[in-house]
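Enquirer: Would you mind keeping the following structure in view while I ask a few things?
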Amino acid sequence: MKLRAKGLGLLLLLVLLAICSTIEVSEARRGKHWRSSRSSPGSSQLKKGKGKKSSSRRQHGSNRPSPKPPVSSTPSSGAGKGNQNPYQPSPNAPPSPANGSRHSTPKLPPTSSCGKGHQQPSQPPPATSQGAVFNVVDFGAKGDGVTDDTKAFEGAWAAACNQGASTVLVPPELEFLVGPISFSGPYCKPNIVFQLEGTILAPTSAKSWGSGLLQWLEFTKLNGIVIQGNGIINGRGQQWWTYLDPEDEDDDDTYDVEFERMPQIKPTALRFYGSFNVVVAGITIVNSSQCHLKFDNCQGVMVHDVTISSPENSLNTDGIHLQNSKDVSIHHTNLACGDDCISIQTGCSNINIHNVNCGPGHGISIGGLGRDNTKACVSNVTVRDVNMFRTMNGVRIKTWQGGVGLVQDIRFSNIQVSEVQTPIIIDQFYCDRSTCRNQTSAVAVSGVQYENIRGTFTIKPVHFACSDSLPCSGISLTGVQLRPVQVPHYHLNNPFCWQAFGELYTPTVPPIACLQIGKPAGNNLQSYDDIC
């Protein structure tokens with residue numbers, strides 16, 4: 001029995017071993033069939049000797065297009081190169097890997113770092129440059145003060161104009177001779193910075209100006225244009241000025257000959273026309289043949305930390321000239337010239353001038369307005385915290401007889417004058433000729449405030465000469481204290497008033513008893529909106 005039981009156990013063991021062997025073979029077959037059904041079509045290519053590279057590409061996403069390197073925004077070498085901004089990634093940097101790629105390509109900095117590499121995020125790019133930088137030297141400018149660099153400036157501007165949000169760089173320690181040039185829109189992309197660090201020189205030969213031009217450097221129809229830096233614009237206007245003394249034996253004969261050849265039309269050094277959001281900051285403009293800095297038909301203008309200088313006897317060399325421009329701020333600026341430090345003409349409104357030094361020159365003027373029987377309108381002008389030294393006039397409003405329009409809401413406040421001929425002037429009989437015809441119509445003047453006008457004068461403290469048909473109204477004086485300074489050959493005069501009406505809110509020095517208190521009789525002055 002024991003032997004039979006052992007034999008039966010052995011038989012059962014053999015049966016179990018056979019069953020286990022069958023299960024393993026079956027599982028192995030099922031696994032082989034599963035792997036074959038999930039293999040990629042490329043597996044047959046592997047068998048044909050295509051190698052494992054193709055399989056690897058497919059495994060890493062070969063159906064996606066390979067990434068392309070970024071296109072450089074700078075022009076080709078044949079057209080000059082714009083300097084790459086250090087705050088932008090280099091165009092030769094490796095591209096970012098495609099999504100899902102397992103390649104070991106190094107990662108670029110995230111977009112928020114602006115491609116600055118290892119630069120600390122706490123050090124943002126300076127506000128003085130933006131985007132690509134186009135150096136005029138890279139476009140062929142020599143900067144030797146003799147070679148004509150006009151074409152190089154045109155090339156750099158064209159590149160910046162096409163790029164937008166970029167910078168044209170005039171590098172320091174170089175002098176660039178540039179002829180009449182227009183940096184023009186309206187097809188320029190916005191927000192261009194003209195970074196002036198060197199010196200720009202005007203031509204001095206008559207042939208460069210032809211029969212005469214109205215401006216030398218012009219920026220037209222632009223949006224977001226900034227001219228800034230520590231550089232100089234030198235108009236070299238001596239060739240036009242007529243103050244040469246014929247009895248001076250030191251005058252150069254060749255200089256006089258060239259002067260005779262210069263055209264009668266004299267160019268403004270720097271002019272902006274039809275532009276929005278204009279900033280002029282830090283630069284120096286000297287010796288313009290006529291006006292130094294002019295804004296025509298502009299809106300949103302800021303001028304600050306600018307120096308303008310020309311000799312006292314250089315004719316018609318206004319410092320800053322505004323016409324048909326709105327929302328203008330001029331501050332922390334030094335102006336010394338042969339005409340008005342600031343001239344405000346028709347079509348101007350919302351003008352704010354403060355912290356300005358003026359002298360020598362003709363002061364700060366509104367007008368002349370209404371010349372040749374034209375309409376002129378100026379409103380909402382504030383001039384405050386200004387120093388004037390040895391100027392012909394202080395704060396002045398001047399209009400021609402025969403014009404129409406209105407000057408309204410003007411405030412002159414905290415004006416310090418020193419040896420100024422006539423600190424306060426309204427002149428509705430303005431005439432720069434030997435004689436002018438008397439006319440009854442006039443540009444009306446209403447609502448003019450004088451607050452804290454103090455210092456010294458050399459001819460007359462106040463001069464109010466207003467129209468018979470449209471007397472000045474709403475003149476107010478507060479804290480006016482003006483004391484005489486005796487100057488040889490000058491005769492001191494008392495305050496003068498003619499058809500001037502308003503209020504004296506505090507006693508004045510000297511007393512201005514000639515101002516008529518109240519409003520003019522029968523003065524039915526229309527509103528600014530109705531007239532203008």
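Enquirer: Give 180, 172, 203 a once-over and let me know the one that is at negative phi, touching a residue at least 60 places away in the same chain (Cβ under 8 Å) and either of a type outside the set (A, V, I, L, M, F, W, C) or not assigned by the TED database to the domain that holds residue 284 (or both).
Expert: 180
Enquirer: OK, next. With (1) out of contact with any Pro (no Cβ under 8 Å at 6 or more places or on another chain); (2) in a strand (DSSP E or B) as the list, and residue 360 as the residue in question, which single condition is left unmet?
Expert: (2)
Enquirer: Go through the stretch 162-179 and give me each residue that's surrounded by fewer than 22 Cβ atoms within 10 Å (Cβ to Cβ) and either over 18 Å from residue 149 (Cβ atoms) or modelled with pLDDT under 95 (or both).
Expert: The answer is 162, 163, 164, 165.
Enquirer: If only one of 459, 475 is under 23 Å from residue 383 (Cβ atoms), among the aliphatic types (A, V, I, L, M), assigned by the TED database to the domain that holds residue 362 and free of Cβ contacts under 8 Å to residues at least 40 places away in the same chain, which one is it? Working first, answer last.
Expert: Numbers: 475 fails: free of Cβ contacts under 8 Å to residues at least 40 places away in the same chain.
Sole residue among the options that is under 23 Å from residue 383 (Cβ atoms), among the aliphatic types (A, V, I, L, M), assigned by the TED database to the domain that holds residue 362 and free of Cβ contacts under 8 Å to residues at least 40 places away in the same chain: 459.
Enquirer: Hey, can you tell me all the residues within the stretch 202-223 that are within 27 Å of residue 307 (Cβ to Cβ) and under 20 Å from the mean Cα position of the chain (by Cα)?
Expert: Result: 215, 216, 217, 218, 219, 220, 222, 223.
Enquirer: Counting only residues that are surrounded by 24 or more Cβ atoms within 10 Å (Cβ to Cβ) and free of Cβ contacts under 8 Å to residues at least 60 places away in the same chain, which one in the stretch 364-382 is nearest to residue 334 (Cα to Cα)?
Expert: Out of the qualifying residues, it is 364.
Enquirer: I would also like to ask the following. Looking at 144, 245, 138, 148, which is the one that is at pLDDT below 95 and open to solvent by 20 Å² or more (accessible area, probe 1.4 Å)?
Expert: The unique qualifying residue is 245.
Enquirer: Here's something else I'd like to know. Out of (1) touching a Leu at 6+ places or on another chain (Cβ under 7 Å); (2) open to solvent by 20 Å² or more (accessible area, probe 1.4 Å), what's the single condition that is false for residue 443?
Expert: Result: residue 443 passes all but (2).
The values are calculated or read from the model by the stated rules, or taken from the named source; none is laboratory data. These numbers come from a predicted model, not from an experiment. Cβ coordinates were reconstructed from backbone atoms using ideal geometry, including for glycine residues, and neighbour counts include every protein chain displayed. In case anyone asks, the SASA skips ligands and DNA or RNA and just uses the protein heavy atoms, side chains included. Shrake-Rupley method; radii C 1.70, N 1.55, O 1.52, S 1.80 Å.
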